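Here's the structure we're looking at; comments come further down.
Nothing in this text is a laboratory measurement; each read-out follows from the coordinates by a stated rule. Note that the structure is predicted; figures quoted are calculated from it, not measured. Note: ideal-geometry Cβ built from the backbone for every residue, glycine included; neighbour counts use all protein chains shown.
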Amino acid sequence: MDSATLGTRASSSCYFPRFSDSNPNPNPNPNPNPSFSRFRFYREKERKSVFKSLKCFQNPNINPNSPSSALNSNSRNPSSSVSCSAVTQTPLGTSELAVCKLPRLLSEFQSLSESIDRVKRLLHYATLLPRFDDSARVPSNRVMGCTAQVWLDASMGADGRMRFFADSDSEITKGFCSCLIWILDGAFPEEVLKLKTEDLAALNVGLAGRAHSRVNTWHNVLISMHKRTKALVAEREGKPSVDPFPSLVVTSDDIRAKGSFAEAQARFLFPDELKVNELVNVLKEKKIGVVAHFYMDPEVQGVLTAAQKHWPHIHISDSLVMADTAVKMAEAGCQFITVLGVDFMSENVRAILDQAGFERVGVYRMSNERIGCSLADAADNPSYMSFLEAASMSPPSLHVIYINTSLQTKASAHELVPTITCTSSNIMQTILQAFAQIPNLNIWYGPDSYMGANIEELFQQMAIMTNEEIAEIHPKHDRDSIRSLLHRLHYYKDGACIVHDLFGQEVVEKMQELYCDAFLTAHFEVPGEMFSMAMEAKRRGMGVVGSTQNILDFIKQRVQEALDRNLDEHLQFVLGTESGMVTSIVAAVRRLLSSVESSSRRAKINIEIVFPVSSDSLSRTSRSSSSQGPSSVDASDLINLSVVPGIASGEGCSIHGGCASCPYMKVTFSLSYNISLQICLREVGFSFVFTLIYQMNSLSSLLKVCHHLPDDKNILSAYEAGRFNSQTPLGKPVADVGCEPILHMRHFQATKKLPEKLVYQILHPLGNGRPAC
């Protein structure tokens with residue numbers, strides 16, 4: 001079970017205090033104000049008909065205004081006493097507060113001990129749902145994330161009260177909608193927005209598992225109600241509309257870009273065939289394999305994706321899989337491996353190839369300069385070593401280090417504290433298994449502070465789950481062990497990826513306003529605000545938090561589900577990680593969409609990928625359009641660009657949002673000549689400076705390296721991923737010691753247990769917590 005699944009389990013079991021069941025001032029009667037009659041949930045004749053048909057079931061000795069009385073009556077024969085339910089006691093469109101209605105509905109469902117009775121109650125409520133206007137069955141009224149088709153229409157009356165109508169092609173889902181509308185139709189906006197998805201956690205109708213898609217209908221319809229309410233309030237108050245984030249809309253036969261940033265991303269999704277052919281020919285001729293990270297710039301990713309059809313030894317993935325794939329390429333006969341990524345990635349590829357016996361296979365980076373990473377750099381400073389020194393003084397200790405760090409860091413850490421590497425998809429299970437094998441273990445995680453804080457939050461959520469729910473995640477744990485673990489969990493608090501700093505408060509607020517009902521994806525490294533929002537979406541089946549591969553798999557799964565339903569749909573995914581992921585996502589989505597045979601009955605499915613870009617990451621020039629693609633830009637063309645990635649001052653990085661493309665991992669533009677150019681633009685009342693960096697993980701750099709291989713003239717010596725010939729303070733080769741934490745992780749992935757050697761190192765440290773040989 002990966003971290004993405006763990007997040008779902010943990011978050012879905014996080015209960016919040018429910019509203020009190022008491023209602024000191026119930027008001028079951030309709031508001032006498034005639035002007036409010038249009039907000040009544042049932043038409044007058046429908047309401048009379050319903051109550052007339054149910055009258056014979058009512059007990060004259062029971063006060064119909066009392067929820068507890070209704071429960072007593074219903075509990076005797078729940079399948080036939082539906083007349084005393086909360087919905088039928090209080091017509092919609094009354095002045096009774098939504099906060100008072102919810103406890104009655106909760107109590108009603110909790111009183112029905114049998115699953116079949118709760119389902120019957122929902123089916124009964126489905127019959128009370130008013131007819132939905134056929135003209136409102138439009139795509140814009142569809143609720144995303146529901147197994148069935150669900151439509152929601154909303155409006156605001158002259159007196160400021162909300163009016164909701166809903167329908168579904170599923171009777172159970174109609175029952176869900178009927179209950180929600182009974183609570184919120186006729187309520188004021190603040191009442192609608194006050195009701196949270198957590199308040200609906202107890203409305204379990206007996207379907208297996210609270211996280212199942214039908215139960216998620218409670219949540220997804222409510223979130224859509226919130227979104228419609230906010231929009232109507234803003235419209236009524238005359239607030240200007242909020243500009244949406246840039247996005248790409250992918251269909252089976254087209255890709256449409258919305259916004260300049262998206263246009264820049266889309267430009268390379270259909271690469272130049274001449275460049276594709278040039279790359280394929282040189283790769284085949286010289287037996288070169290290419291491993292690239294998901295975060296490469298769109299030009300090189302577009303060409304690589306197209307070239308994969310003609311040369312199998314090209315792979316785009318996360319950092320861990322890059323090294324594994326390089327070994328497979330070497331086994332298949334590749335004589336050289338080119339690495340598009342930061343330096344620790346090429347280091348790992350070199351070391352793993354050597355471990356596998358492929359010392360003669362050359363490994364080349366894409367620059368003769370250092371290609372650093374802000375997160376990896378955070379682990380190379382003295383404060384991180386101080387963090388590890390504290391760990392070494394607190395045995396038994398295990399250092400869990402993120403895979404995205406240098407080999408030197410792994411080696412230095414492992415000689416201080418027994419160390420195992422992790423990825424964002426296996427971090428939770430690594431810690432759980434380690435603490436299960438060594439109950440009094442101290443866990444020290446680093447260097448990513450955001451991931452550390454998010455891990456701590458997940459364990460805090462697990463600590464309030466039931467023992468049964470915890471056992472589903474890991475069979476050796478319960479509430480007591482998780483609480484004990486929390487006291488022994490430490491994480492480094494001064495390291496972060498600058499790219500994931502993009503997703504701060506400004507971005508989250510805009511997402512809450514415009515995209516709260518969309519599918520949300522977030523890398524495990526994002527800041528707390530984004531993490532919390534994605535976890536909430538995950539709880540109702542609308543999000544994923546995990547690795548880049550987890551994000552890609554989630555999107556593919558949702559698209560495949562839409563294809564299986566074969567209904568016209570528009571699925572919207574917010575990409576809560578680096579924008580370089582879009583090339584792999586678009587390629588995967590198009591493969592799925594094109595896999596369906598063309599027919600007159602094939603549904604129209606649109607997939608929209610949204611880039612949650614901070615306003616600080618877009619710097620505008622004086623012109624409104626761009627006629628030149630990035631691959632052909634020169635100094636005179638730059639003035640024509642309408643949007644330039646980069647903050648208003650500096651290189652394009654900012655904890656408030658900054659460049660939407662990591663300057664370590666890629667270049668903003670690929671020039672046809674070697675140039676570092678600074679341009680000041682002052683035409684719109686402000687100035688900024690940006691630097692165009694050539695030959696760092698660009699297509700030009702890749703082609704240059706490939707054409708010069710084999711490097712008989714030693715032209716590429718600075719590009720070669722060197723071996724660590726240095727030794728650790730204990731006199732061991734850095735490469736050997738740095739690889740051991742990676743091998744420990746590989747053992748864990750294969751067996752789901754820590755290797756015996758690592759356990760021995762933890763339990764028998766050689767002074768100050770240092771691992772035994």
Once the mean 1/r over all distinct Cα pairs of the stretch 112-162 is inverted, what Kirkwood radius in angstroms do you read off? 13.7
Whole-Å semi-axes of the stretch 420-535's equivalent ellipsoid, largest first, each the root of 5 times a Cα gyration tensor eigenvalue? 27, 17, 11
Alpha-carbon centroid distance for the pair the stretch 329-352 / the stretch 696-771, whole angstrom: 11
Taking θ as phi - 60°, what are the ³J(HN,Hα) couplings along the stretch 698-703 by the Karplus curve (6.51, -1.76, 1.60), each to the nearest whole Hz, with x for Gly and Pro? 9, 5, 4, 5, 4, 5
Please find the FRET efficiency linking residue 494 to residue 335, where r is the Cβ-Cβ separation and R0 is fixed at 56 Å, and quote it to the nearest 0.05. 0.85
Of 287/704; 410/476; 230/510, which pairs sit farther than 21 Å apart, going by alpha carbon to alpha carbon? 410/476
For a Förster distance of 45 Å, can you work out the FRET efficiency between the beta-carbons of residue 595 and residue 479, rounded to the nearest 0.05? 0.50
Kindly put 403, 183 in sequence by how many other C-beta atoms sit within 10 Å of each C-beta, fewest to most. 403, 183
Straight-line reach check, residue 556, cutoff 23 Å on alpha carbons, 8 or more apart in-chain or any other chain, hits among lysines -> 258, 309, 538, 604
Output for the stretch 347-416: GluC sites (Glu not before Pro) sitting in coil per DSSP, at most 15 other Cβ within 10 Å, listed by number, reads 359, 369
Residue-ordered couplings for the stretch 263-270, obtained by feeding phi - 60° into the Karplus form 6.51 cos²θ - 1.76 cosθ + 1.60 and rounding to whole Hz (Gly and Pro as x), are 4, 5, 5, 6, 4, 9, 6, 10
Give the relative contact order (percent, whole number) for the stretch 501-610; include only Cα pairs under 8 Å separated by 6+ residues. 28
Across 5 Å bins beginning at 0, the whole-percent shares of Cα-Cα pair distances in the stretch 501-610 come to 2, 12, 24, 23, 18, 11, 6, 3, 1, 0
³J(HN,Hα) computed for each position of the stretch 570-584 - Karplus, 6.51 cos²θ - 1.76 cosθ + 1.60, integer Hz, glycine/proline x: 10, 9, 10, 10, 8, 8, x, 7, 5, 5, x, 4, 5, 4, 5
Within the stretch 116-198, list the trypsin sites (Lys or Arg not before Pro) lying in a DSSP loop whose Cβ has at most 14 other Cβ atoms in a 10 Å radius. 131, 137, 196
Order these by the 10 Å Cβ neighbour count, fewest first: 299, 756. 756, 299
Extended-chain gain in nm, criterion 0.36 nm per residue less alpha-carbon gap, residue 239 and residue 324: 25.3 nm
Amide proton proximity set for residue 255, modelled H, under 5 Å, gap of 5+: none
Hey, can you grab everything whose amide H is under 5 Å from the amide H of residue 608? Only 5+ residues off in sequence or another chain; H modelled, so Pro and N-termini drop out. 250, 571, 572, 573
Among all the aspartates and glutamates, which ones have a C-alpha under 18 Å from residue 732's C-alpha, if same-chain residues fewer than 8 places away are not counted? 347, 354, 415, 740
So how do 385, 511 line up by other beta-carbon neighbours within 10 Å, fewest first? 385, 511
Please enumerate, by chain and number, the lysines with C-alpha under 27 Å from the C-alpha of residue 120, excluding those fewer than 8 residues away in the same chain. 45, 48, 52, 55, 101, 174, 196
Could you work out how much longer the chain between residue 557 and residue 134 gets when fully extended? Use 0.36 nm per residue separation minus the Cα distance between them, nm to one decimal. 149.2 nm
Sorted by chain and then number, the residues having a modelled amide H within less than 5 Å of the amide H of residue 337, at least 5 places away or on another chain, are 289, 362, 363, 364
